Amino acid sequence: MSRILLIIYFFVLNIGLIHAQIAIIYGDKVFEVEMNAINDFKVDLERSRFEDVILLPYSNNIDKSSYNHIFYIGTKQSHPFIRSYIKKNNISKLESETFLLEGKSSLKETYIIGADVRGVFYGVYKYSEMILGIDPFEYWTDIKPCKTKSDFPDVNYREEAPVFKLRGYFDNDNDLLANWKERKLIVEFDIWKEMINSLARLRYNFIDIHDLLGRPEYYLREYYINLTEYHTDLALVDKVIDYAHSKGMLVQIPMYLGWEFHHMDFDKVSLSKYYNHWMDVYEYYLTKSPLGKGDLFLQRPRHPYYDWPYKCIEEDEAGIKTGPLMSKMFLGLYKLIKKHKPGAILFCDLWSEGRAMWESGEFSPNQNVKMLWADNGYAIYNEFPSDNKGYDFGIYIHAGLWKNNVTQNPYPDRIWRSSMQALEKGMTYSYMVNGQTFKDFILNIEACARCAWNPVKFSPDNFYKEWSLRYFGEQVSDKVIEIYKKINETNNPIGGFRDIMSFTVNTINDLEKGNLEYKSLDVVEQTLAIADDVYNMAVDIESEIPMESLKTFYEQILFPTHIFKINVELYLATLKYNNIIYEIYKKNNVVNKSSLSRTEFNLKNKLSELRAILKDGSGWDKWTGFYLPENFRMHTPPPAMDKVMSLFDKY
């Protein structure tokens, strides 16, 4: 009898779950983009709760008793209920982009109130992460919410205003991501959507679509020409811009003059002679391409299409300085933007030699241009401007750098210190983050997002703890933190993955040319000791990682520490081979043939091992083919086996 009653109980419970509903009430004047935030929240609820979720426009006739819980979502401007709720409860004005979360379990009601449309996005995303267990990096980590039926808790959370007004992601050096699926050198729309989804949840409020526009090397350099016949996909550009706008984000357009789809004449670099030609190309971008849909525009006082210093021999011989020419160029570009995109903002990125031109006073664009002070890579600022000279300043910071864009280098502490320095110097207008291949740098990308919102409240130690708990659980949390810090340590002696690989390739090239020179092994052996240690630490905790976290563990920790270690071993094997060849051919020393054979075997074996593991990847099927050597950036791929075997024939 008791068993029959139990079956009946669960049957009735399940029927109740099927018919139970959660209601989201939106305002009668809801904005289209605001509705996108509400739809995102509906999906989050459906993925984390068993009940059905329905959307309803606000009405005085809603029967509240029909629903398990009601969410009122909107702004004072869009939602009459929220307007009256704010007045009734004497809620002070919310600052731009902020929000208020108030939940009353006794009333079975929750209010998500945004100061504006972006505040609605950030409010629902905060609730989803804090209460529903939605991971902002879900696509990249495969960490999914646990579906449950539960009462929604009391909540009272008011967000403070962001410290940095603009917080953007700069898409750059993304070759692995761009070459991984379908077409080469193009990040496809489905991946762009996932990047934008994650960035929006982290409260980045703009993206810069740099690489999507077609870097000049894609169609000018032999390495890329051999990879594919590249053409900018303007329909994709248009689609990405629209999708970012649909998430309440702005879009920044880099106004370099070498994009594949339309670029300057390459024999008209001289700014003093061809100023009008520069302006014509700018105007084309603004009026005859999707770039005109941008909200922010970026330029540098550098070469118009390559990422190197501007130089014109004729101008140098005539004594014409670069700074004043660049100031004139920025004024012309500013006027075009003001004409065709009123309300848009022009930024100047002071990268590399631009900093010195600024400091000396040689370069001084019009005051309406907003300035970005760039780091020296790896979130390291060797200096800041001695005087902001009355300009609005922000910073350009690297969550990843092209010198290590295959494996991550976690440094939230450095990100925090640099962000605090920027705050102290009043450089808070914009915070632009370079994230390289994105998926390999998500820890630093989130640390940047947190610091851009409020560096004062950011603690690197607390962030490490939160991250390790979120993805790997209490049991291994401290060990994971130690591994992350050790990963950073491995990058210090001789650099990141690309640096080490370039040293290997350069050594092989020297051997090929017969340029024989003895090379010390000390710093490489020091690096290998750290790399070996951190990889073994990762291997040791693999069995303790929760099943649902294994993909993240393999992709974010075990695999990158493994390929970094083998990369160092390959470099060491190359140096040992180099040195034994040096002894034989330069010093005329007699060397045991078995010693030479061993060094040859070790070099060949390490190269085979690295190429094989890059081909196999981490084991997560989603990313199969991501690390194929042919997908690497021009500066980074491991040498071909034929190249090494030819050395053995030569010597």
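The values are calculated or read from the model by the stated rules, or taken from the named source; none is laboratory data. The structure displayed is predicted, hence computed values, not measured ones. Here the Cβ positions follow ideal geometry from the backbone for every residue, glycine too, while neighbour counts run over all protein chains shown. Just so you know, the surface numbers come from the protein's heavy atoms only, side chains and all, with ligands and any DNA or RNA stripped out. Shrake-Rupley method; radii C 1.70, N 1.55, O 1.52, S 1.80 Å.
Report, ordered by the first and then the second residue, all pairs with beta carbons closer than 9 Å, sequence separation of six or more or different chains, a first member in the stretch 547-568 that is free of Cβ contacts under 8 Å to residues at least 24 places away in the same chain, and a second member that is part of a helix (DSSP H, G or I) and open to solvent by 30 Å² or more (accessible area, probe 1.4 Å).
Taking only residues 6 or more apart or on different chains, the pairs are Leu550/Glu542.
Taking the residues in the stretch 496-511 that are open to solvent by 10 Å² or more (accessible area, probe 1.4 Å) and within 32 Å of the chain's Cα centre (by Cα) as candidates, determine which candidate is nearest to Met641 (Cα to Cα).
Val505
With respect to Tyr72, determine if the residue is touching a His at 6+ places or on another chain (Cβ under 8 Å) and at pLDDT 95 or above.
yes
Might you check whether a residue that is closer than 30 Å to Glu129 by Cβ and buried (at least 21 other Cβ atoms within 10 Å of the Cβ) occurs anywhere in the stretch 209-232?
Among the residues of the stretch 209-232, at least one is closer than 30 Å to Glu129 by Cβ and buried (at least 21 other Cβ atoms within 10 Å of the Cβ), which makes the answer yes.
Does the stretch 529-588 hold any residues that are assigned to a helix (DSSP H, G or I) and of a type in the set (Lys, Arg), and which are they?
Lys551, Lys565, Lys576
Residue under question is Lys403, and the condition is that it be more than 25 Å from Phe347 (Cα to Cα), of a type outside the set (Gly, Ala, Ser) and modelled with pLDDT under 95; does it hold?
Criteria met by Lys403.
If a residue must be within 23 Å of Ile253 (Cα to Cα), open to solvent by 10 Å² or more (accessible area, probe 1.4 Å) and of a type in the set (S, T, N, Q), how many such residues does the stretch 150-175 contain?
Qualifying residue count, the stretch 150-175: 1.
Can Asp440 be described as of a type in the set (D, E, K, R), surrounded by 24 or more Cβ atoms within 10 Å (Cβ to Cβ) and assigned to a helix (DSSP H, G or I)?
In short, yes.
Being hydrophobic (A, V, I, L, M, F, W, C) and under 25 Å from the mean Cα position of the chain (by Cα) is the filter; apply it to the stretch 335-368 and report the residue that is surrounded by the most Cβ atoms within 10 Å (Cβ to Cβ).
Phe347
For every residue, the table says whether it meets (1) within 23 Å of Tyr67 (Cβ to Cβ); (2) touching a residue at least 60 places away in the same chain (Cβ under 8 Å); (3) open to solvent by less than 10 Å² (accessible area, probe 1.4 Å).
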| site | (1), (2), (3) |
| --- | --- |
| Ile86 | yes, no, no |
| Ser92 | no, no, no |
| Leu101 | yes, no, yes |
| Val117 | no, yes, no |
| Val120 | yes, yes, yes |
| Lys126 | yes, no, no |
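Exactly one of these conditions fails for Asn376: (1) open to solvent by 20 Å² or more (accessible area, probe 1.4 Å); (2) assigned to a helix (DSSP H, G or I); (3) within 30 Å of Tyr627 (Cβ to Cβ); (4) of a type in the set (S, T, N, Q). Give me its number.
(2)
Here are some residues: Pro455, Pro493. Which one is of a type outside the set (Lys, Arg), open to solvent by less than 60 Å² (accessible area, probe 1.4 Å) and modelled with pLDDT under 95?
Pro493
Working carefully through the options Ser520, Ser594, find the one that is assigned to a helix (DSSP H, G or I) and open to solvent by 30 Å² or more (accessible area, probe 1.4 Å).
Answer to the selection: Ser594.
For the stretch 407-435, which positions are open to solvent by 40 Å² or more (accessible area, probe 1.4 Å), of a type in the set (A, V, I, L, M, F, W, C) and either part of a strand (DSSP E or B) or farther than 23 Å from Tyr391 by Cα (or both)?
Trp416
Would you mind telling me which numbered condition in (1) crowded, with 22+ Cβ neighbours inside 10 Å; (2) in contact with a strand residue (DSSP E or B) (Cβ under 8 Å, 6 or more places away or on another chain) Ala178 fails?
(2)
Please identify the pairs in which a residue from the stretch 260-276 that is more than 23 Å from Pro290 (Cα to Cα) and aliphatic (A, V, I, L, M) has its Cβ atom under 8 Å from the Cβ atom of a residue that is outside any loop (DSSP other than H, G, I, E, B) and open to solvent by 50 Å² or more (accessible area, probe 1.4 Å), counting only partners at least 6 apart or on another chain.
Short answer, once both residue conditions are applied: Leu271/Lys328.
For the stretch 615-634: of the residues being of a type in the set (A, V, I, L, M, F, W, C) and closer than 12 Å to Tyr223 by Cβ, which is modelled with the highest pLDDT?
Of everything passing the filter in the stretch 615-634, Phe632 is modelled with the highest pLDDT.
Condition first: open to solvent by less than 30 Å² (accessible area, probe 1.4 Å), part of a helix (DSSP H, G or I) and modelled with pLDDT of 95 or more. Can you find one or more residues in the stretch 16-34 that meet it?
Yes, that holds for at least one residue.
Condition first: more than 28 Å from the chain's Cα centre (by Cα), open to solvent by 10 Å² or more (accessible area, probe 1.4 Å) and free of Cβ contacts under 8 Å to residues at least 12 places away in the same chain. Can you find one or more residues in the stretch 290-309 that meet it?
Within the stretch 290-309, not a single residue is more than 28 Å from the chain's Cα centre (by Cα), open to solvent by 10 Å² or more (accessible area, probe 1.4 Å) and free of Cβ contacts under 8 Å to residues at least 12 places away in the same chain.
Among the listed residues Lys335, Lys389, identify the single one that is of a type in the set (Lys, Arg), at pLDDT 95 or above and part of a helix (DSSP H, G or I).
Lys335
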